[in-house]
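A.B. asks: The structure's right below; bear with me while I get my questions together.
Bear in mind these aren't lab numbers, they're just calculated from the coordinates by the rules spelled out. These numbers were taken from a predicted model, which means no experiment stands behind them. Methodologically, a virtual Cβ is constructed for each residue, glycine included, from the backbone with ideal geometry; neighbour enumeration extends over all protein chains shown.
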Amino acid sequence: MPAVSFGQQALRRTIALFAACGLMAATAADAAEVVALGASNTYGKGVNRGEDFPAQLEAMLRGKGVQVSVANAGINGDTTGGMLSRFDGAVDGSTRVLVLQPGGNDARRGVGDQRAGNVSAIMAKAAQRRIKVVMVENGMLRGLPHQVDGQHLTPDGYRMLAAALLPRVMSGLRK
């Protein structure tokens, strides 16, 4: 059997991930008024499902009496170009707030010059649909508890991030 290149492995993993996201979207995202679109710190790399900030944000919103679904559309290693290409699949007609976490993968992958344009395009698409955007820039992660890799938050760090986002998301849901 011929060896599979790194690119082929990545493509296969990406296809499998999109298929899994499609299954999750079919069951949960149709009622997602909030969508968290981003990279590994949105996905919750290194923590259990439910400890990521979108899940904790949903629990906090519900704890405040806001019956809302928060869909996690984070993909480890994603770039803003990937987020832009996934926007239409992640965001549907029920989405009222987009929590956008562009991350730092563009710079790590040598496409940092595309970040601003891709973020602007995502914001424009959201504006066309009258979706409020709540930005999660990397600076918001400073000072929060990180895992040993120094890049990703701990469950407590994700809880603290969700708490910081809570008033902004609630405000976006009111409009």
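A.B. asks: With θ set to phi - 60°, apply the Karplus curve 6.51 cos²θ - 1.76 cosθ + 1.60 along region 35-50 and write out the HN-Hα couplings as whole Hz, x wherever there is a Gly or Pro.
C.D. replies: For region 35-50, the Karplus curve yields 10, 9, 10, x, 9, 5, 6, 7, 4, x, 4, x, 10, 6, 4, x Hz.
A.B. asks: While we're looking at this one, here's another question. Are there trypsin sites (Lys or Arg not before Pro) in region 53-94 that DSSP puts in a loop and that have at most 15 other Cβ atoms within 10 Å, and which ones?
C.D. replies: The qualifying sites are 64.
A.B. asks: Under a cut-off of 16 Å between alpha-carbon atoms, report the aspartates and glutamates in cross-link reach of residue 45, not counting same-chain residues fewer than 8 places apart.
C.D. replies: Answer for residue 45, where 16 Å is the Cα cut-off: 78, 149, 156, listed by chain and number.
A.B. asks: On to the next question. Find how much the distance from residue 66 to residue 113 grows on full extension, using 0.36 nm per residue of separation minus their present alpha carbon separation; answer in nm with one decimal.
C.D. replies: On the way: separation 47, 0.36 × 47 = 16.92 nm, distance 3.87 nm.
Net length gain for the segment: 13.1 nm.
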